[in-house]
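Undergrad: One structure, pasted below without further comment.
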Amino acid sequence: MAWETVIGLEVHVQLLTRSKMFCGCANKFGAPPNTLVCPVCLGLPGALPVPNEQAIRLATQAARALGCTVHTRSIFARKNYFYPDLPKGYQISQFDQPLATGGTIWCESPERGRIGIGVTRLHLEEDAGKSLHDRIPGKTAIDLNRAGTPLVEIVSEPDLRSPAEARAYLTILKQILVYAEVSDCNMEEGSLRVDANISIRRPGDPKLGTKAEVKNMNSFANVERALIVERDRQVALLESGGRVEQVTMLFNAASGTVKPMRSKEESHDYRYFPDPDLPPLVLTQKWIEEQHAALPELPEPKRERFMTRYAITAYDAGVLASERPVADYFEAIVEAGAEAKSAANWVMGEAMSGYNETGRFGVGADRLAKLIGLVKEGVVSLQAAKRVYPELVDRDDDPRAVAERLGLLQVGDAAALGAWVEEVLAANPSEVDRFRGGEAKLMGFFVGQVMKKSGGKADPKAVQPVLVEKLKN
Amino acid sequence: MSAVELIASAVREGRTTAAVAANEVASRLEKTAALNASLNWSAERLEAEAARVDRASPSDRAKMPLAGVPIAVKDNIVTTEQPTTCGSRILEGYVSPFNATVINRLRAAGAVIACKANLDEFAMGSSTEHSAFGRVKHPDDPSRVPGGSSGGSAALVAAGAVPAALGSETGGSVRQPASFCGIVGIKPSYGRVSRYGLVAFGSSLDAVSTFGRSVDDAARVLAAMSGHDPLDATTIAQPPLVLDPPRRDLKGLTFGLPAEYFPRDLHKGVRAGLDRAIKAVKELGGTIKEVSLPHTRYAVPTYYIIAPAEAAANLARYDGVRYGQRRVGPAGDLRALYQATRGQGFGAEVRRRILIGTYVLSSGYYDAYYRKAQQVRALLAEDFRRAFDAGCDMLLTPTTPTPAFKAGEKTEDPVAMYLADIFVCPVNLAGLPAVSVPVGRSEGLPLGAQLIAPNLAEARMLSAAAALEAALDAAAEVR
Amino acid sequence: MSIGRKDVLHVAKLAELAVSEDELPKLTEQLGRIVDYVAQLNEVPAGEQAPPYLAGPDKVTLRPDVVAPVPLARPPADFAPEFAQGLFVVPRLGAMEDQ
Ligand SMILES: [Mg+2]
Ligand SMILES: [Zn+2]
């Protein structure tokens, strides 16, 4: 394609505080409408905002986790517009002096490999309430429980060059924020929301094309889909001699299409000015460093540490480090004495499928380490261990006892093995002939057959000498 | 003894009850009804308020600095027991579901909320002619205005209906009517008193302020409600104001006279009133020093950019969605609701200020107006700082350029009305404390002098004001 | 005159204030006078770098993250112009719908 795509993302993330940004109402999802409200978040006459310290702390940690500079002085500003779910007629946000600027998010581009995407700024603001257009016929209904929820808005540089890169960026961003316990980044509940700016230009053109804003995506996959559709729309437009208008497009997930917003608002004039209810937010450098120091190890450094410390592949380290519970589980298994490579395989295999279903690990790290130990010591085969595993989930039984109960302890005894070997040789006379005729590679086949016959109990290392012996005759 | 202390000490010592005081106020409120100064009061409500104080244990009551003291409250301070209208149709019938911090503190101090007081709509005005519930009349001359925007509170105190009242200042709205009505009005340092529950007009300027017939009356009420409030991020982390004992003289104090406040064409009566005050200062042993506040002439234009800009945003919440009066235009959609609710609910002066405020913040004009005004504001504050640094303990100025003017005289000329605040609004821009004290009368109309003090120097300012008050016969004509 | 009819209509729209045709001339004239009056600030040579003046505290005090809302003496249903199913109700949004 002779076009270069340019994408920048604006991500709004709700912070995991107990109370709202500027009032003492609970910050939680799913309460009956308009029950988590007070004079401040209802915008009642006379009410005044007071910022939540924890929100400032989480925003500071988020900013540092994204490599931003956190400023010792920032300003809350009023962003003025009318909308029925915006109680005060303005949103308290930050404008020309945001909390943090200038970070980088490193991610893996499917097209360009490892890329650093600039984070222009991260600022604090309050969420609006919710407008429900389908609840009461012909009317709009307003729930203000969400009004005043603390948000950070994270704005990227227009550094992304494809819809897939946008998705990769979002995946990493979410990983970091969830790791830092700043937000749960649950797109379905609206705790992470994405607006995208996209334009196209000829490669090498230093000037950006006219951009469209794309909104209303409810998953990262849909962000990618919406951007593909919008990019294709712009390409088709320019190639047919048209031009892109500065518009806002709404994505429809059901039809997989974008359409321009009906209201062609003349560009908004938000009349930002410093909020006179809120003196400057002044932080000391020491406090900022303390918040940074309190951050947990983040996915990227953890991945690198896993590679060097445990000598596992970059891929494995990446998977294990992608979520904090997974990484912690992996390390607990190693800590309990399991060999790292085996632990990695188990976590990414058996354990992960359970985790993906239930959100937790059903076998304690200690017992999984024991099971791995049994394989290493040759007490059970790997194949047998995989049959033991499901019996351990959500139970307290000892792995060896389970293996014993299931009759899965490995058999190395030559007499027992000899019986299985003879059965296998008798059942495969032509292979026996071919082996004896010089096809030595058939040994693997025979070992596999014996393992199968034994139900995984046979010790593969002991099987081969017995096979060699019997095949001589 | 001041009226406030007279009632409070009698109630504390059990010589009388809050109910008796409340009863007296009810009859006075009835007698002064023609002023159109009180709003939303009833004898039953007053009784219930007083009963709270009378029910308290004697030992609790003995600790109440304002035990049984009836106080009128400007109707832009929210109370749960009566409507809070801000003098506006848009809030007609609105009853706040929470109390202002100052109300909670005054109640805890034993005060009785006597009534709400009429005001210029949303405190925007200098004459209390801009109320949806009719204009307030000057107690001495019904054809004149009591000043504003806290004209209802001022008229009630001046007419003797209540011993003290709460007003609010954004650009002199307590000192100016205090001067017009011949009473005392105190504006505290910005942040000294909580704004939580004061309906916002110009948030960086607003201050709950007090009226009394004496400095002591107004000061006691101020002290009782002052101090840091965790619900207002702009309050100063300071304990409540502790008043100094009143001074008998002004020895050792230097009073600056800013030349800009004494123009050649100053009203003759006002000039004579100030001459009387200056003479009294000297007789009391104070020193007079000429100073200059060179940016004074820019205060009113600065104020009329910053206050409307903040007001335009502060008044956006009156949209007919969650509370207040809703009107819907013919189109029947949300925009028709907004436009009609706000277009018809706000009066002319409020609409003018919202439009000006929107204009000075709008794209392309912000730097020329709002940013510029912020810079000039800093220069105005710097003027004051220099004067204090040069050895002035406080400044002495006229409060208003003229005595109370006639109703209707300035309603058609907004700029002329704004200039009535020329000597009071610089103080709000700088956030300083100030007090207006009556100094005499000119052709029967009261005159006030203003003391302006450095930030947080209320105690010294008020003790000096009390000395000046004691030395002057405020009822006498000036010559 | 620094401000005209078009400006007045523009800011009236931003401020969501209905302004009727017959009040427009007088309103334009009054606003024009106010704007001309405040424009005299342009005479003041002010340092471009001067930070805005702040009365009151020079930095914001923060609130601990505790759930402790100021209680409402009356629920929203008591003061809302229209309230149903626990929700504030407004007419259809018309042109503002898809924001
Ligand atoms: Mg935002
Ligand atoms: Zn709240």
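Undergrad: Tell me which trypsin sites (Lys or Arg not before Pro) from the range A:63-128 have a DSSP coil assignment and no more than 15 other beta carbons within 10 Å of their own.
TA: Qualifying residues, ordered by number: A:R112.
Undergrad: Now for a separate question. Where in the range B:82-96 does accessible area fall by at least 20 Å² between the isolated chain and the complete protein assembly, at a 1.4 Å probe radius?
TA: B:Y94, B:V95
Undergrad: Return the Rg/Rh value of chain B, two decimal places, where both radii are evaluated on C-alpha atoms and Rh is the Kirkwood radius.
TA: Answer for chain B: 0.96.
Undergrad: Given the pairs B:K187/B:K410; A:K79/A:K259; A:K370/A:K457; A:K286/C:K59; A:K215/A:K259; A:K341/A:K376, which span a C-alpha to C-alpha distance of over 21 angstrom in this model?
TA: B:K187/B:K410; A:K79/A:K259
Undergrad: Sticking with this structure for a sec: Tell me which DSSP H helices of chain B clear both cut-offs, 15 Å or more of axial length from alpha-carbon atoms and a mean Kyte-Doolittle hydropathy of at least -0.5.
TA: TM-like helix candidates: B:18-31, B:215-225, B:268-283, B:299-314, B:348-361, B:458-471.
Undergrad: Moving on to the next point. Looking at the range A:149-240, what % of the alpha carbon pairs are farther apart than 17 Å?
TA: Of all Cα-Cα distances in the range A:149-240, 53 percent exceed 17 Å.
Undergrad: Which loop trypsin sites (Lys or Arg not before Pro) in the range B:1-61, with loop taken from DSSP, have no more than 12 other Cβ atoms within 10 angstrom of their Cβ?
TA: B:R15
Undergrad: Ok, one more. Report the convex hull volume per residue for the range B:10-152, counting only C-alpha atoms, in Å³.
TA: 103 Å³
Undergrad: In the structure shown, do any of A:K139/B:K116; A:K139/B:K74; A:K88/B:K116 have a Cα-Cα gap over 32 Å, and if so which?
TA: As for pairs spanning more than 32 Å Cα to Cα, those are A:K139/B:K116; A:K139/B:K74.
Undergrad: Further, regarding this structure: Carbon and sulfur together cover what percent of the accessible area of the range B:305-422 at a 1.4 Å probe radius?
TA: Of the solvent-accessible surface of the range B:305-422, carbon and sulfur hold 50 percent.
Undergrad: Can you tell me the orientation of helix A:163-179 relative to chain A, as the angle in degrees between its alpha-carbon axis and the longest Cα principal axis, to the nearest 10?
TA: 90 degrees
Undergrad: Let me ask something additional. Regarding chain A, what whole-number volume in Å³ per residue does the convex hull of its Cα atoms give?
TA: In chain A, the Cα convex hull volume per residue is 229 Å³.
Undergrad: Could you please state how large a percent of the accessible area of chain C is carbon and sulfur, counting protein chains only and using a 1.4 Å probe?
TA: 58 percent
Undergrad: Taking a cut-off of 12 Å between Cα atoms, list the aspartates and glutamates near B:K289, but don't count ones fewer than 8 places away on the same chain.
TA: Reachable aspartates and glutamates: B:D393.
Undergrad: For an R0 of 56 angstrom, estimate the FRET efficiency from the Cβ-Cβ distance between B:S143 and A:A294 and round to the nearest 0.05.
TA: Here the calculated transfer efficiency is 0.20.
Undergrad: Could you state, as a whole-number percent, how many of the C-alpha pairs of the range B:107-252 are farther apart than 22 Å?
TA: Within the range B:107-252, distances greater than 22 Å cover 38 percent of Cα pairs.
Undergrad: Which aspartates and glutamates, if any, have their Cα less than 16 Å from the Cα of A:K452, not counting same-chain residues under 8 positions apart?
TA: In chain and number order, the partners are A:E422, A:E423.
Undergrad: With r as the distance between the Cβ atoms of C:A77 and A:A2 and R0 = 60 Å, compute the FRET efficiency 1/(1 + (r/R0)^6) and round to 0.05.
TA: 0.50
Undergrad: Counting only protein heavy atoms, probe 1.4 Å: which residues of the range B:226-252 lose 50 Å² or more of accessible surface in the full assembly compared with their chain by itself?
TA: Those are B:A233, which lose 50 Å² or more relative to the chain on its own.
Undergrad: Before we go on, tell me the buried accessible area for the C/B pair, both chains summed, 1.4 Å probe, in Å² to the nearest 100.
TA: 5500 Å²
Undergrad: Excluding residues on the same chain fewer than 8 positions from A:K472, give the lysines whose Cα lies under 16 Å from its Cα.
TA: Cα-Cα hits under 16 Å: A:K441.
Undergrad: Per the 1.4 Å probe, what fraction of the accessible area of chain A, in percent, lies on carbon and sulfur atoms?
TA: Looking at chain A in its full context, I get 51 percent from C and S.
Undergrad: On C-alpha positions alone, give me the angle between the axis of helix A:324-335 and the longest principal axis of chain A, in degrees, nearest 10.
TA: The angle comes out at about 30 degrees.
Undergrad: Next question, about the same structure. If you add up the charges near A:A100, with Lys and Arg at +1 and Asp and Glu at -1, over every other residue whose beta carbon is less than 10 angstrom from its beta carbon, what do you get?
TA: +2
Undergrad: Output needed for chain C: three equivalent-ellipsoid semi-axes, defined as square roots of 5 times the C-alpha gyration tensor eigenvalues, in descending order, whole Å.
TA: 38, 30, 13
Undergrad: With n ≥ 4 as the cut-off for DSSP H runs, can you work out [θ] at 222 nm for the protein assembly as shown, using -39500 (n - 2.57) per run divided by the number of residues, rounded to the nearest 500?
TA: -11000 deg cm²/dmol, from helical runs alone.
Undergrad: Return the distance in nm (one decimal) between the two label points of a simple spin-label model at A:K472 and B:E47, each offset 7 Å from Cα along Cα→Cβ.
TA: 12.0 nm
Undergrad: With a 1.4 Å probe, what is the total accessible area buried between chains C and A, in Å² rounded to the nearest 100?
TA: Accessible area lost upon association: around 3800 Å².
Undergrad: Exposed loop sites here are GluC sites (Glu not before Pro) in DSSP loop states with at most 13 other C-beta atoms within 10 Å. What is the longest stretch of chain B lacking them?
TA: Answer - B:14-411.
Undergrad: Only protein chains counted, 1.4 angstrom probe. Which residues of the range B:265-303 are at least 20 Å² less accessible in the assembly than when their chain is isolated?
TA: Buried-area filter returns B:R297, B:Y298, B:P301.
Undergrad: Here's another thing I want to ask about it. Using DSSP to define loop residues, name the GluC sites (Glu not before Pro) in the range A:352-421 whose beta-carbon has at most 13 other beta-carbon atoms within 10 Å.
TA: Answer in residue order: A:E377.
Undergrad: Take the alpha-carbon centre of the range A:388-404, take the same for the range A:41-77, and report the distance between them in whole Å.
TA: The two parts, judged by their Cα centres, are 50 Å apart.
Undergrad: Let me ask something else about it. Helix A:53-65: angle to the longest alpha-carbon principal axis of chain A, degrees 0 to 90, nearest 10?
TA: On a 0 to 90 degree scale, this one is about 60.
Undergrad: Tell me, what is the per residue accessible area of the protein assembly as shown in Å², probe radius 1.4 Å?
TA: With the other protein chains kept in place, the protein assembly as shown gives 37 Å² per residue.
Undergrad: Turning to a different aspect of this structure: Quick one: Kirkwood hydrodynamic radius for the range B:397-479, alpha-carbon pairs, angstrom, one decimal?
TA: 14.1 Å
Undergrad: When all alpha-carbon pairs of the range A:1-51 are counted, what percent fall beyond 13 Å?
TA: It works out to 69 percent of all Cα pairs.
Undergrad: Hey, another quick one. Give, as a single signed number, the net charge of other residues whose beta carbon lies under 13 Å from the beta carbon of B:A56, with Lys and Arg counted +1 and Asp and Glu -1.
TA: Neighbourhood net charge equals +3.
Undergrad: So, in nm, how far is label B:D265 from label A:L208 when the simple model puts each one 7 Å beyond its Cα toward the Cβ?
TA: Modelled inter-label distance: 5.5 nm.
Undergrad: Give me the Kirkwood hydrodynamic radius of the protein assembly as shown, using the inverse of the mean 1/r over all pairs of distinct Cα atoms, in Å to one decimal.
TA: Evaluated on the protein assembly as shown, it is 33.0 Å.
The values are calculated or read from the model by the stated rules, or taken from the named source; none is laboratory data. No experiment lies behind these values; they were computed from the predicted model shown. Heads up, the Cβs are rebuilt from the backbone with ideal geometry, glycines too, and the neighbour counts pull from every protein chain shown. Heavy atoms of the whole protein, side chains included, go into the accessibility calculation; ligands, DNA and RNA do not. Shrake-Rupley method; radii C 1.70, N 1.55, O 1.52, S 1.80 Å.
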